[in-house]
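Structure record follows, encoded as structure tokens.
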Amino acid sequence: MGIIGTASERQHAHPPERADEIGAIELPDQDGVQHRLGDYWKESPAILVWLRHYG
Amino acid sequence: MQLHRERQALEETGAGLVLIGQATPRHAAHFRRRQDIDLPVLADEKRESYKAAGAKVATLSELLGPKVAAKGLVSSLRSRQPQGRTIGHPAQLGGTMIVRPDGSVPWSHMSEDASDNASPAEILAAIREA
């Protein structure tokens, strides 16, 4: 690992073809309420955005 | 958050929008207030979902190289909002993914460097086809 946690070798993003693993993850929202990610696309498609930072 | 500014167009597609950041709920609450976002923002302090989504950790040049810095400057000037203090893993990149109700992923754009983000127009086009 390089400085400030950077990778020492170039990686490649590898998004999955299915979101089953992501869907099983539970995360808290800004109020601490837990949400299961899979619930967001149970009835209609969902757009998931992973922010690089809260900046 | 350019995508959030396209909220109306997104809502017309019927798709849900989920924002995930890599810090605590308290940081997520601060981010929502600062960016004037009324959507829930989820907090993934352990970056579990980032790993499952195949998001990468950048090298130093992918984070701070000349191309990345130039695009970041242009983006800040356009939005008139400078980047705030980095919270979480500084080299963790993000991305965008569309998931259908059957769990399939018809489209994704995970960042290859810190300046590599899908445009709202690209995301809207992709969700309209999903």
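The values are calculated or read from the model by the stated rules, or taken from the named source; none is laboratory data. The shown structure was predicted, so the numbers you read here are calculated from the model rather than taken from an experiment. Methodologically, a virtual Cβ is constructed for each residue, glycine included, from the backbone with ideal geometry; neighbour enumeration extends over all protein chains shown.
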key: Qualifying helices (runs of 4 or more DSSP H) (wholly inside the stretch B:1-47; at least 1 residues being over 14 Å from the mean Cα position of the chain (by Cα), more than 7 Å from chain A (Cβ to nearest Cβ) and surrounded by fewer than 20 Cβ atoms within 10 Å (Cβ to Cβ))   = B:7-13, B:25-35
key: Qualifying residue in the stretch B:88-100 (condition: surrounded by 14 or more Cβ atoms within 10 Å (Cβ to Cβ), more than 9 Å from every other protein chain (Cβ to nearest Cβ) and modelled with pLDDT under 90)   = no
Single unsatisfied condition, B:Glu62 versus (1) closer than 16 Å to B:Gly88 by Cβ; (2) surrounded by 21 or more Cβ atoms within 10 Å (Cβ to Cβ); (3) not β-branched (Val, Ile, Thr) = (1)
task = Name the single residue, out of those in the stretch B:103-118 being more than 7 Å from chain A (Cβ to nearest Cβ) and more than 23 Å from A:Glu9 (Cα to Cα), that is modelled with the lowest pLDDT.
result = B:Ala118
inquiry  = So A:Ala24 ticks every box in (1) within 7 Å of chain B (Cβ to nearest Cβ); (2) at pLDDT 95 or above but one. Which box is left unticked?
reply    = (1)
When residues of the stretch B:60-87 are limited to those that are touching a Gly at 6+ places or on another chain (Cβ under 7 Å) and part of a loop (DSSP other than H, G, I, E, B), the one modelled with the lowest pLDDT = B:Gln83
